[in-house]
2 protein chains.
Amino acid sequence: MKILTSDAAEMLQSADDILILTHQSPDGDTLGSGFAICRALRRLGKRAQVVCSDQIPHKYAYLWEGLDSQQFTPKFILAVDVADPKLLGNKLSVYADKVDLCIDHHGSNTQYAKHLLLEECAATCEMIYGVIGAMGVELDRAMAEDLYTGISTDTGCFRYSNTTVRTHLIAAKLLGLGIDAYAINRAMFEIKSPSFFALRKLALDSMETYFDGHCALIYITYQNMQSTSAQQEDLDGLTAIPRQMEGVDIGVILKEKEPGAWKISVRTGEPYNASALCSKLGGGGHARAAGCALTGTAQQVRDQMLPVLAEALGVSL
Amino acid sequence: MKILTSDAAEMLQSADDILILTHQSPDGDTLGSGFAICRALRRLGKRAQVVCSDQIPHKYAYLWEGLDSQQFTPKFILAVDVADPKLLGNKLSVYADKVDLCIDHHGSNTQYAKHLLLEECAATCEMIYGVIGAMGVELDRAMAEDLYTGISTDTGCFRYSNTTVRTHLIAAKLLGLGIDAYAINRAMFEIKSPSFFALRKLALDSMETYFDGHCALIYITYQNMQSTSAQQEDLDGLTAIPRQMEGVDIGVILKEKEPGAWKISVRTGEPYNASALCSKLGGGGHARAAGCALTGTAQQVRDQMLPVLAEALGVSL
Ligand SMILES: [Mn+2]
Ligand SMILES: [Mn+2]
């Protein structure tokens, strides 16, 4: 059942022993939402605890600074930024059909929770900001750091098109509480592992351009991932690289997930339709971002891609 | 003479035939400031024209969309974001001692203008926003795009520590005018030349770490610049790379300006003092960012740096 911010606030005000579920492969928004609302609930004298199926990467440690761990039998289950119960992950799957309230900003939310607060805004943290206010809890600096983290990470630091007037107004309020936004952004966006740099170098080495520079391809082979000990997070931003090259209309990233099994990501500028292009190779997606799966050697996969790319650009091979 | 926003607005309201000077190697802030105030002055029925000593890079073309060129003998000289008359460049140096009004946010402003409006805020565009308002001109979308550009570029898209509550409040107002902030940020931050990518690859290839990963060096040789046909703008962001590596406290960029003549940039995290470090090599700067000049081969220059770096870190070579 869909509810309003004021309903969600009332529900939380009368709840106790609240378990807060975040999604697997946790990001700044699910964690920032979880810890901010956890702080607000504890301020009201309640027991509340954030949980996640996966281990939370070290760089997020400041989000729960000062919050000790509480053990209790949960009486109320809250999920934040979790669009689908599948995203709860193995450890939390037991709660999949027991969520009392879900607060989420994904239009794709499967409405699995008993009550759903949904707004299609930039970040769940924007909604948590509203819920905390409606609960009558005054924001402190720690909550502001949590909320800023989610807003900044989900908007690419106010860069993506999901950034709205409200996003900036909330950011202004949070900065007014004296948070160190620079330090947060540095931790979230700048610090990278040695594997990240090693993989980035191999990706740049692999870049090929075609069709007068209108198309660029980069390859991440299975061997590349092994040799650099790269983790999933080290792939951050790679998908954007080909389209950052001046003049490139179609950017393609070929990632070999298992030897000979490739996941292809395609990014296009107007008027080129990535989804239409990928559907010719058995895939699909959105107009500007789509994907497909292909098998073979790097060269074989490229040879399958090139005619489709040429056709999309309206040029001959 | 230092004046207030309201004084600057009155002065511009009673001026006519206004020549607007921007600084050499123009950036988003000087250009955004110049074109925004030019649009506002023309809205008041005045003649106004933005000029720059250097050719303005193509990526900024949207800033003056719809503004035709006007020829007139200037009666009032306005400089925006120009901290020192030296920065006017050759072509505009004739105006160095003729500036009626300077609007600028650099604490280092040399007070060369007859009247100076100075605030130490994130961007001159923040001040122009205030001046346009004080002039009673309603912001339109084109002005908003100009102002957003300066604010976003001078704050690294709201990432740097110069970003304040006011910065976000102004951004909220500008977004409310329907600008395409995503497209602006893409043009300003994402699109790069093939030379940029080629140089970035060489820079990553050259990275060396020392002292258990607490220090990282990258080299940009004269030969690298030649072989990639790199321009000044292709060096964007390179200085930040070494310190982006997890665990690096001191990042060093060695750039060979002419064969055998190196410019060294040092970036440190707390508590390491970059200025103290560079002063040992005849240079200086700020606590977190400093530089010096050295001569020799890459290896000779490195051998001069390493003992000083070891000393700064308090480790043995
Ligand atoms: Mn989210
Ligand atoms: Mn500036």
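The values are calculated or read from the model by the stated rules, or taken from the named source; none is laboratory data. The shown structure was predicted, so the numbers you read here are calculated from the model rather than taken from an experiment. FYI the Cβ positions are ideal-geometry reconstructions off the backbone, even for glycines, and counts take in every protein chain you see. When the accessible area is computed, the model is the full protein with side chains, heavy atoms only, and any ligands, DNA or RNA have been set aside. Shrake-Rupley method; radii C 1.70, N 1.55, O 1.52, S 1.80 Å.
Just to be sure I follow the definition: excluding the sites themselves, where is the longest run in chain A that has none of the GluC sites (Glu not before Pro) in a DSSP loop with at most 12 other Cβ atoms within 10 Å?
Result, exposed sites excluded: A:139-317.
Give the separation of the Cα centroids, the range B:159-191 to the range B:81-97, in Å.
28 Å
For A:His105, B:His286, B:His115, A:His214, give me the order by solvent-accessible area with a 1.4 Å probe, most accessible first, ignoring ligands, DNA and RNA.
Descending order: B:His286, A:His214, B:His115, A:His105.
From the gyration tensor of the Cα coordinates in the range A:194-313, what semi-axes in whole Å does the equivalent ellipsoid have, largest first, with each one equal to sqrt(5λ)?
Listed largest to smallest, the semi-axes of the range A:194-313 are 22, 16, 13 Å.
Show that you can apply the helix-only estimate: for chain A, add -39,500 (n - 2.57) for every DSSP H stretch of four or more residues, divide by all residues, and state [θ] at 222 nm to the nearest 500.
After summing the helix terms and dividing by residue count, I get -10500 deg cm²/dmol.
Largest first and in whole Å, give the semi-axes of the range A:75-193's equivalent ellipsoid, each being the square root of 5 times a Cα gyration tensor eigenvalue.
26, 17, 14
Considering Cα pairs under 8 angstrom that are at least six residues apart, work out the relative contact order of chain B and quote it in whole percent.
For chain B, the relative contact order is 12 percent.
Can you compute the charge dipole magnitude of the protein assembly as shown about its Cα centre, using +1 on each Lys and Arg Cβ and -1 on each Asp and Glu Cβ, nothing else charged? Give it in debye, rounded to the nearest 20.
My answer is approximately 140 debye.
Let me spell out the model: positive unit charges on the Cβ of Lys and Arg, negative unit charges on the Cβ of Asp and Glu, origin at the Cα centre of the range B:246-317. What dipole size does that give, in debye rounded to 20?
Dipole magnitude for the range B:246-317 comes out near 220 debye.
With θ set to phi - 60°, apply the Karplus curve 6.51 cos²θ - 1.76 cosθ + 1.60 along the range A:275-280 and write out the HN-Hα couplings as whole Hz, x wherever there is a Gly or Pro.
5, 4, 4, 5, 5, 5
Mind giving me the nanometre distance, one decimal, between the label points for A:His286 and B:Glu10, set 7 Å out from Cα along Cα→Cβ?
My value for the distance between the label points is 5.1 nm.
Give me the Debye-computed log₁₀ of I(q)/I(0) at q = 0.12 Å⁻¹ for the protein assembly as shown, equal point scatterers on Cα only, no solvent, two decimals.
Normalising to I(0) and taking log10 leaves -1.43.
I'd like the distance between the alpha-carbon centres of the range B:8-69 and the range B:272-306, rounded to an integer number of Å.
One Cα centre to the other: 39 Å.
Treating only the Cβ of Lys, Arg, Asp and Glu as charged (+1, +1, -1, -1), what charge dipole size does the range B:5-189 show about its Cα centre? Round to the nearest 20 debye.
240 debye
Under a Cβ-Cβ cut-off of 12 Å, what is the net charge of the residues other than A:Glu190 that fall near it, where Lys and Arg count +1 and Asp and Glu count -1?
Charge balance near A:Glu190 sits at +4.
Over the range B:5-189, what is the relative contact order in whole percent, taking alpha-carbon pairs under 8 Å and six or more residues apart?
Normalised by residue count, the contact order of the range B:5-189 is 25 percent.
Could you work out the local net charge near B:Thr164, counting Lys and Arg as +1, Asp and Glu as -1, over the other residues with Cβ closer than 14 Å to its Cβ?
Summing Lys and Arg as +1 and Asp and Glu as -1 gives -2.
Taking 8 Å as the Cα distance limit and 6 or more residues as the minimum spacing, I'd like the relative contact order of the range A:194-313 as a percentage.
Relative contact order here is 19 percent.
Restricting to the protein assembly as shown, compute how many DSSP beta bridges are antiparallel as a %, nearest 5.
Taking every DSSP beta bridge with both residues in the protein assembly as shown, the antiparallel ones total about 45 percent.
When only alpha-carbon atoms count, how far does the range B:131-280 stretch along each of its three principal axes, as whole angstroms with the largest first?
Principal-axis extents of the Cα atoms in the range B:131-280, largest first: 56, 38, 26 Å.
Rounded to the nearest 5, what % of the DSSP beta bridges within the range B:194-313 are antiparallel ones?
Just about 75 percent of them are antiparallel.
Starting from one equal scatterer on each C-alpha and no solvent at all, send me the Debye-based log10 I(q)/I(0) for the range A:1-157 at q = 0.12, 0.19, 0.21 Å⁻¹, two decimals.
One equal scatterer on each Cα of the range A:1-157 leads to -0.42, -1.18, -1.53.
For each pair in B:Lys91/B:Lys114; A:Lys2/A:Lys75; A:Lys2/A:Lys280; A:Lys59/A:Lys257, compute the distance between the two Cα atoms and list the pairs where it is over 28 Å.
Where the Cα-Cα span goes over 28 Å, the pairs concerned are A:Lys2/A:Lys280.
For the range B:208-215, what does the Karplus curve 6.51 cos²θ - 1.76 cosθ + 1.60, with θ = phi - 60°, yield as ³J(HN,Hα) per residue in whole Hz, taken in order and with x for Gly and Pro?
Result, ordered by residue: 10, 10, 9, 6, 6, x, 7, 9 Hz.
Along Cα→Cβ at 7 Å, what distances in nm separate the B:Ser69 label point from those on the other copies, shortest first?
7.0
When each copy gets a label point 7 Å from Cα toward the beta-carbon at B:Arg141, what are the spacings between them in nm, shortest first?
Result for B:Arg141, in nm, nearest copy first: 4.2.
In whole Hz and in residue order, list the ³J(HN,Hα) couplings for the range B:98-106 that follow from phi through the Karplus curve 6.51 cos²θ - 1.76 cosθ + 1.60, θ = phi - 60°; x for Gly and Pro.
10, 7, 6, 9, 10, 10, 7, 10, 8
Give the cross-link partners of B:Lys173 among the aspartates and glutamates, using a straight C-alpha distance below 15 Å as the criterion and excluding same-chain residues fewer than 8 apart.
B:Glu126, B:Glu138, B:Asp140, B:Glu145, B:Asp146
Dipole of chain B (Lys/Arg Cβ +1, Asp/Glu Cβ -1, origin at the Cα centre): which of B:Tyr129, B:Gly284, B:Thr295 lies farthest to the positive side?
Final value for the positive-end residue is B:Thr295.
Excluding A:Pro57 itself, calculate the net charge of residues whose Cβ lies under 10 Å from the Cβ of A:Pro57, where each Lys or Arg counts +1 and each Asp or Glu counts -1.
-2
On the principal axes of its Cα set, how long, how wide and how thick is chain A? Give whole Å, largest value first.
Principal-axis extents of chain A (Cα, largest first): 67, 38, 38 Å.
Charges on Cβ only, +1 for Lys and Arg, -1 for Asp and Glu, centred on the Cα centroid of the protein assembly as shown; of B:Leu147, B:Ser6, A:Ile241, which one is farthest towards the dipole's positive end?
Projecting each Cα onto the dipole axis, the largest value belongs to A:Ile241.
Looking at chain B, send over the antiparallel percent of its DSSP beta bridges, to the nearest 5.
For chain B, the DSSP antiparallel bridge percentage is about 50.
Using a label position 7 Å from Cα in the Cα→Cβ direction, what is the ascending list of nm distances from A:Gln223 to the same site in the other copies?
For A:Gln223, the inter-copy label distances come out at 2.7 nm.
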